[in-house]
Amino acid sequence: MRNEKISLVIPAYNEEAILESTIRTALSFLESHFSDYELIISDDGSTDGTKRLAETWRNPRLRVVAHRPNRGKGSAVREGVLAADGGIIVYTDADLAYGIEAVGELVSLLRREGAELAVGSRKLHPEGYEDYPLIRLLASRLFSFLTGLFAAFRYDTQCGLKAFTEKAALEIFTRCETDGFAFDFEAMLLAKGLKLRIVQLPVKIINHRDSKVSVLSDSLRMFGDILRIRNAVKKRLEREASDKKKHGG
């Protein structure tokens, strides 16, 4: 792979039980695949030993960013991405749900296609939803249907595996405002509005665990967020375009 720094951001909230294994796996993979890299653990106000554990690592390639109190996954991802200084910035979940190898595949796809954003998609993988609990599968499919209906998306917006060029990451995450789980939808909506080139990688979940999302309450909240975020992003981009026009940009 080309000599270009890779930043891997992992948001974490009360992940003390698995974080040591995650860090070891991620650092080992990054070391063997990239000549220049960093791993950023973004702690979302954990109340267990997550932050303390991450900070005990004496590795110059590992950085920890944190805030209190807990604000939501969107806030943790945004803070981690904006703290990164790699030419390519990737984020994935603390349980490495799609496998660490998918990070390398996503980076390769982004480079090969000359795209600005590469996203994982369970929709495109024949076994993408294999072994999914039925109620979570139904909630995911319903959310996907609604994002398609209201935003004309064909993407698996909630897949927690995405890669950006540094420029695209800054353009998106300096505009993001959503702190909760619907932040992925906002990021994709901004990417579409900014006319960024997006490519997709078929992925499947290989590490299953209990979700921290409440299927009923969080799904209802996310569904309600779709219209709010869609309208807010539209107004934000229209205002920017108007300001740019006024100033002769």
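No lab work stands behind these numbers, since they all come straight from the coordinates. What you see is a predicted model; the values in this text were computed from it and never measured. Here the Cβ positions follow ideal geometry from the backbone for every residue, glycine too, while neighbour counts run over all protein chains shown.
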Checklist outcome for this item: Quick note on Y91, Y132, Y37, ordering by fewest other C-beta atoms within 10 Å, gives Y132, Y37, Y91
Item to check | Contact order relative to length of the chain, as percent, for alpha carbon pairs under 8 angstrom and 6 or more apart | outcome: 22
Next on the checklist: Binning at 5 angstrom from zero up to the longest distance, how are the C-alpha pair distances of the range 43-155 distributed in percent?
Outcome noted: 2, 9, 13, 18, 20, 17, 13, 6, 2, 0
Item to check | Semi-axis lengths, Å, the range 6-246, gyration tensor of Cα atoms, sqrt of 5 times eigenvalues | outcome: 26, 21, 19
Checklist entry - What GluC sites (Glu not before Pro) in the range 1-77 are in a loop by DSSP, with at most 16 other Cβ atoms within 10 Å of the Cβ? => result E4
Item to check | Spatially proximal aspartates and glutamates relative to K246 (Cα-Cα < 15 Å; intrachain offsets below 8 disregarded) | outcome: E238
Checklist entry - Dipole of the chain (Lys/Arg Cβ +1, Asp/Glu Cβ -1, origin at the Cα centre): which of F34, A168, L194 lies farthest to the positive side? => result L194
Next on the checklist: Let's see if you can work this out: charge +1 on each Lys and Arg Cβ, -1 on each Asp and Glu Cβ, no other charges. What is the dipole magnitude of the chain about its Cα centre, in debye to the nearest 20?
Outcome noted: 1080
Checklist entry - Suppose every K and R has +1 on its Cβ and every D and E has -1 on its Cβ; what is the size of the dipole of the range 1-45 about the Cα centre, in Debye to the nearest 20? => result 240
Checklist outcome for this item: Residues I6, I226 in order from fewest to most other beta-carbon atoms within 10 Å are I226, I6
Checklist entry - How much mean residue ellipticity at 222 nm does the chain get from its helices, if each DSSP H run of length 4 or more adds -39500 (n - 2.57) and you divide by all residues, to the nearest 500 deg cm²/dmol? => result -15500 deg cm²/dmol
Item to check | Relative counts (whole %) of C-alpha pair distances in the range 1-99, using bins that are 10 Å wide | outcome: 17, 54, 26, 3
Item to check | the chain: antiparallel DSSP beta bridges as a percent of all, rounded to 5 | outcome: 25
Checklist entry - Under 23 Å Cα-Cα from K167, which lysines qualify once same-chain neighbours fewer than 8 residues away are excluded? => result K5, K73, K192, K195, K234, K235, K244, K245
Checklist entry - Which semi-axis lengths, in whole Å and largest first, follow from the square roots of five times the eigenvalues of the Cα gyration tensor of the range 153-203? => result 16, 14, 10
Checklist outcome for this item: The set of residues whose placed amide H lies less than 5 Å from the amide H of F153, leaving out same-chain residues fewer than 5 positions away, is G148
Checklist outcome for this item: Cross-link reach from K51 to aspartates and glutamates, straight Cα distance under 13 Å and at least 8 residues apart if same chain, gives E15, E16, E20, D43
